[in-house]
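The values are calculated or read from the model by the stated rules, or taken from the named source; none is laboratory data. Everything numeric here is computed off the predicted structure, so don't read it as measured data. Methodologically, a virtual Cβ is constructed for each residue, glycine included, from the backbone with ideal geometry; neighbour enumeration extends over all protein chains shown. Ligands, DNA and RNA are excluded from the accessible area calculation, which covers all protein heavy atoms including side chains. Shrake-Rupley method; radii C 1.70, N 1.55, O 1.52, S 1.80 Å.
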Amino acid sequence: MPDERSTTYRLTQVEAPSPAAPPDVAEPSPIPQAPPPARRRLSRKWLYGLLGLGAIALVALSFRPAPIPVDLATIERGDLKVTVDAEGKTRIRDRFVIAAPVAGRLARIDLDEGDLVDRGDIVARIDPLPLDAKVRSARARLQELQAEIAGVATLRPKQEALARARADIDAAIAAQAEANANIARARSRADQANRDLQRAIDLETTGAISRQQREDAELTVATRDRELEAAQRGGDRASAEVAAAREALTLLEAERSDPDYLLDVYRAQIASVEAELANLADEASRTTLTAPSSGQVLRIQQESARFVEAGTVLLELGNSGEMELVVDVLSTDAVKIAPGNEIAIAHWGGEGLLAAKVRYIEPSAFTEVSALGVEEQRVNVIADLIDPPPSLGDGYRVEAQIATWSGEDVLKVPLSAMFRCDEGWCTFVNIEGRAEKREIAIAQRNPFEAVVTS
């Protein structure tokens, strides 16, 4: 048995014979080497120990707190002003809109936008020829009535007069039908204008259209209402003409028995024609439009010659020397602003700052969608410009800084040095190179500094 175990150990240690060696000859087993000396094992232990100590030192150094570089500022006394910053635009304070007082053919307006006009200067003309024709017709009826009065003693109705009176009734009825059609058409246009205005208000609320487009819709509603009023007056006039024609026929038939009854009738008709003449004369005198005030032509709506309806806007006038500022602010900022607050105007296109003073704050707010899609309640602040430059025109964009509070010789701290702590404010104080936390109480503040009260 011992021989078999020894033989098995040798077979497992012997490698396969090489091709050059005989197949029955085996390689000798490797000679075991002597173990390394104890001196080498001891130096390797010292090396591992030193490496471990170095790693521990590096870890300790990495967790060691290091000084943090900070910016230092000096808390000092000085002046501080709190402002509400917002965008605004300029506008003419008193704007005059000149519209056509009567329907007619407008002559070409020779003025250009920017031209200066004086009070009473002619700015537009409307051809009075249609009115002149109506005046001649009314005067002819007046002469006819006067002749009827002169010959009333011998006047006897004839068949031709009765036929003419019946024809006048038919014509008056036809004119009345046409007037009613004009009223219906004008009412439809007025209703459509009101619906368009409501849509414009809704679109302006969502920010889809500008305020100018909404004002154009309001102007269209006013124009359509005046057209409807004119059409209704035409319908009333047509109804009156039908009643007059029928009355004339009745009177002609009554003349057979009492021709003297016509005297009072003719006098009443003469009074009616005279009132019509006075109205036509007044309308004819208003065909020449003059400037209601001295100023500058801001906008020309109808420049070329064309037929215009009564109420059509022709041009706008305003005094560029009477400029005001409109600033829309958040409603939460509007409660801090009061009439008399000073305003500094920057980025208006020129050098330096312009000055203004708040005149009043509009009592009603409006909804506006911000650039981020958030609905905001905003309020217009109206201010008077102090010595505006001549280059500043109507509708120019500016940036306004509205002063809501100012203090002199107050203790100030930079806003960037403050942070919230508990229910108040804190800051760090430099004590011999170390930051020490201090709680402070503040009052007014602006985007950069705050007033320290304790």
Whole-Hz couplings from phi, Karplus 6.51/-1.76/1.60, listed for the stretch 396-409; x for Gly and Pro: 7, 8, 9, 10, 10, 10, 8, 7, 9, 7, 8, x, 10, 6
Ignoring everything but the protein chains, give the 1.4 Å probe accessible area of Tyr48 in square angstrom, nearest 10. 140 Å²
Accessible surface of Glu144 - all protein chains present, 1.4 Å probe, nearest 10 Å²: 100 Å²
Give the carbon-plus-sulfur fraction of the accessible surface of the stretch 162-250 in %, rounded to a whole number; probe 1.4 Å, heavy atoms of protein chains only. 50 percent
Which of the aspartates and glutamates could a cross-linker bridge to Lys437, judged by Cα under 17 Å and excluding same-chain residues fewer than eight apart? Asp71, Asp422, Glu423
Formal net charge of residues neighbouring Phe428 (Cβ-Cβ distance under 15 Å; K, R +1; D, E -1): 0
For the stretch 337-410, the per residue accessible area (1.4 Å probe, Å²) is 58 Å²
Can you return the aspartates and glutamates within cross-link range of Lys134? Criterion is Cα-Cα under 12 Å, with same-chain partners fewer than 8 residues away left out. Glu276, Glu283
Ignoring ligands and nucleic acids, Ile149 exposes an accessible area, probe 1.4 Å, in Å² to the nearest 10, of 50 Å²
Under the 0.36 nm per residue contour assumption, what length would be gained going from the current alpha-carbon distance of Ala171 and Leu372 to full extension? 65.9 nm
Could you name the aspartates and glutamates whose alpha carbon sits less than 16 Å from that of Lys81, not counting residues in the same chain fewer than 8 places away? Asp333, Glu342, Glu408, Asp409, Glu449
Once the other residues with Cβ under 11 Å from the Cβ of Asp85 are scored (Lys, Arg +1; Asp, Glu -1), what is the net sum? -3
Residues with amide H under 5 Å of Ile442's amide H, sequence separation 5 or more or different chain, H placed in the peptide plane at 1.01 Å from N; which? Thr453
Excluding Arg246 itself, calculate the net charge of residues whose Cβ lies under 13 Å from the Cβ of Arg246, where each Lys or Arg counts +1 and each Asp or Glu counts -1. -4
For the stretch 363-454, give the percent of accessible area contributed by carbon and sulfur heavy atoms, probe 1.4 Å, rounded to a whole number. 48 percent
